[in-house]
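Notes follow the structure.
All of the numbers you see were taken from the coordinates with simple rules; none came from a lab. Quick caveat, the model's predicted, so the values are computed rather than measured. As a convention, Cβ positions derive from the backbone with ideal geometry for all residues, glycine included, and neighbour counts pool all protein chains shown.
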Amino acid sequence: MTPESQSRLVYENLETTFVNLWALLRSLSQRGFIGRVRVELKDYTADVFMTGSNTPQVHEIDRAAGSDSLEEGALHRLVLRARAAPGTISV
């Protein structure tokens, strides 16, 4: 199996001003989604790695603050940022 056949884009360039990120993540989790959700805002990027478990890992890069972290607790910060700033979501 090639890498191209293992992954496919489900949603691309969803607007954070239009999509409720928390509801999207909850829906994907309830469906047993395994994959990555990428959120891009100005000076901030986050990848939510969903593995089918209850708590996803979040890798966030805050270019304005100069921070790079990988932790479960970053999910709450990500959801708050996505509500406050325009950006895009890709699944």
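DSSP loop GluC sites (Glu not before Pro) in the range 58-91 with at most 15 other Cβ atoms within 10 Å of their Cβ, which ones?
Answer in residue order: 72.
Could you bin all the Cα-Cα distances of the range 20-62 into 10 Å bins starting at 0 and give me the percent of pairs in each, rounded to whole numbers?
Over the range 20-62, the share of Cα pairs per 10 Å bin runs 30, 54, 16, 0 percent.
Can you report the principal axis dimensions of the chain using only the alpha carbons, biggest first, rounded to whole angstrom?
Between the extreme Cα coordinates on each principal axis of the chain lie 39, 26, 25 Å.
Give me the one-decimal nm value for the distance between modelled label points at residue 38 and residue 23, 7 Å along each residue's Cα-to-Cβ direction.
Once both label points are built, they end up 2.5 nm from each other.
Looking at the chain, which chymotrypsin sites (Phe, Trp or Tyr not before Pro) are in a loop (DSSP not H, G, I, E or B) and have at most 16 other Cβ atoms within 10 Å? The partial results should precede the final answer.
Details: sites: 11, 18, 22, 33, 44, 49; in loops: 11, 18, 33.
Here the chymotrypsin sites (Phe, Trp or Tyr not before Pro) that fit, given the DSSP loop and packing criteria, are 11, 18.
Just to be sure I follow the definition: excluding the sites themselves, where is the longest run in the chain that has none of the trypsin sites (Lys or Arg not before Pro) in a DSSP loop with at most 13 other Cβ atoms within 10 Å?
Within the chain, the longest run free of exposed trypsin sites (Lys or Arg not before Pro) spans 64-91.
So, counting K/R as plus one and D/E as minus one, what does the shell of residues with Cβ under 13 Å around residue 61 add up to?
That sum, taken over residues with Cβ under 13 Å, equals -2.
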